[in-house]
Amino acid sequence: MSSSRLSLRFSGRLAVLAVVLTLGACGKQGPPLPPLRSVPATTADLSVRQRGAQLLLEFTYPTATPGGQALGGISGVEVWEADRPFVAVAPVAAGAAPGATGAAGAVAAPTTTEAPKTEAPAEGTQGTPGTATTETTAGTTAPGATAAPGAAAVPGTTATPGTPGTTTPGTAAAPGTPATPAAPVDTGPPALDPREFTLAAKKVLTLATADIGAATLGDKVVLMLPIVEADAGVTVRHFQIRTIGPLGDRSEPSNVTRIVPRTPPSPPSEIVATPKAAGIDLSWQPVEGALGYLVYRRDAAVKTYGKPLQAVIAPAVSLSDATAQLGASYIYAVTTVSQRTPLVESAIQSEREVRYVDRYPPPPVSDLVALAEQGQVRLIWTGSDAPDLAGYRIYRREGGDLRRLNVEPVVTTEFTDPNVASGRSYVYRVVAIDKTGNESTPQEVPATTR
């Protein structure tokens, strides 16, 4: 056998061996990979406020893991609570040693008596399923969070500290914005640090998936806890939450927030709503000692209120809602604010429904001019600035008869009438019409053809 034939046979065997080795490597199993965890990112914006005889805990719905991967929802929420006595401190006497007592209205630090070591947040702990509320009003800044001096107590609201009984929408403010007298602020004691909280905390509420859905509106989750009347003004209630991912992984504990429950103020009475072309005017009776009021609005088809529509600083007791849309139905409510931080407001007790029917004519046209030309009359005008403008109707009067010249509204600010006779006198009328069919005040101009 020739050497060339042996070489080809040897090369062929090597190729077959290489293929076999490659196929064997492809089928080789490596060590099993651990399943991906769905741990929710730690909640850092837990806040608490009081409305009537309820505490509202609010936080942003977690949508990602600590590493930034999409979470795909949460399957549970645990609420932990630790309480401490609330002790008022007498005013500082002249020349007193620093730290001896606090300023008037301040409060003492928590008592140093060690709390019993009760159940602490731990992996795998199960709680009793609780209930949730669908209240979704925006909360106040959590204790310890950074805020600019004089910042609004309720984010996103506006108010005007103007003359009593009047408000002008658009000026940012909130109940208790520096004024005379200044708004009471719950200045202490500070929230427990995480270690103190863990030693004293008990699980007070566990929510399942259905409960979380009922308590979620937008990107916020708001939970309701009751206030025991005997605790008002004497107990500091501290809260912390942990959220549970879709596969049961629990987040790290959230920030600790706290509040001293108060006896809630009385809600305003005799709420009056008056629809007008420029909006809906609201007014109510003043409440003695109120710092201000929060005005809420919801669509009549919606069962819960969102963030306050606007804040009004006392002594003003009215508001004009210029954002109301014609044709919509709204329900309004007003609460009394007695403390700014944390927010303490009255319960929502009375409501007023308004069907904002469009019965308001659009503004009229202006600068109407008739140009008599050969065989026609051309009309030119400055248009109406109605937001729901549908167009213009053109009328012509000859003698005593008034006749409409266009079937569909004219959408421009010019119209030509070619059906005229020479040497005749006419009177033209132009009116603006809105989408509901309301006509503006008519504007007229004479014209004599050639």
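Structure notes:
- Between Ser425 and Glu252, the simple label model (points 7 Å from Cα in the Cβ direction) yields a spacing of 8.9 nm.
- Mean Cα-pair separation over length for segment 265-372, i.e. relative contact order, pairs under 8 Å, 6 or more apart, %: 30
- Label-to-label distance, nm, for residues given as Glu439 and Ser269 (7 Å Cα→Cβ offset): 4.8
- For segment 229-237, putting each phi into the Karplus relation 6.51 cos²θ - 1.76 cosθ + 1.60 with θ = phi - 60° gives couplings of 3, 5, 8, 4, x, 10, 10, 9, 9 Hz, in residue order, rounded to whole numbers and with x for Gly and Pro.
- Nonlocal amide H pairs with Tyr305, under 5 Å, H built at 1.01 Å: Thr136
- With K and R counted +1 and D and E -1, the other residues having a Cβ less than 10 Å from that of Lys435 yield a net charge of -3.
- Exposure of Ile380 as accessible area (Å², to 10), given a probe of 1.4 Å and all protein chains: 60
- Heavy-atom accessible surface of segment 348-391: percent carbon and sulfur, 1.4 Å: 47
- R0 of 60 Å, Cβ-Cβ distance Thr63-Leu402: FRET efficiency to nearest 0.05: 0.45
- What the Cβ-Cβ distance of Ala300 and Thr382 gives, at R0 = 35 Å and to the nearest 0.05, is a FRET efficiency of 0.40.
- Sites Val411 and Asp281 - FRET efficiency at Förster radius 45 Å, r taken between beta-carbons, to 0.05: 0.85
The values are calculated or read from the model by the stated rules, or taken from the named source; none is laboratory data. Given the structure is predicted, the values throughout are model-derived calculations rather than measurements. Here the Cβ is made from the backbone with ideal geometry for all residues, glycine too, and neighbour counts use every protein chain on show. Surface areas here come from the heavy atoms of the whole protein model, side chains and all, with no ligands, DNA or RNA. Shrake-Rupley method; radii C 1.70, N 1.55, O 1.52, S 1.80 Å.
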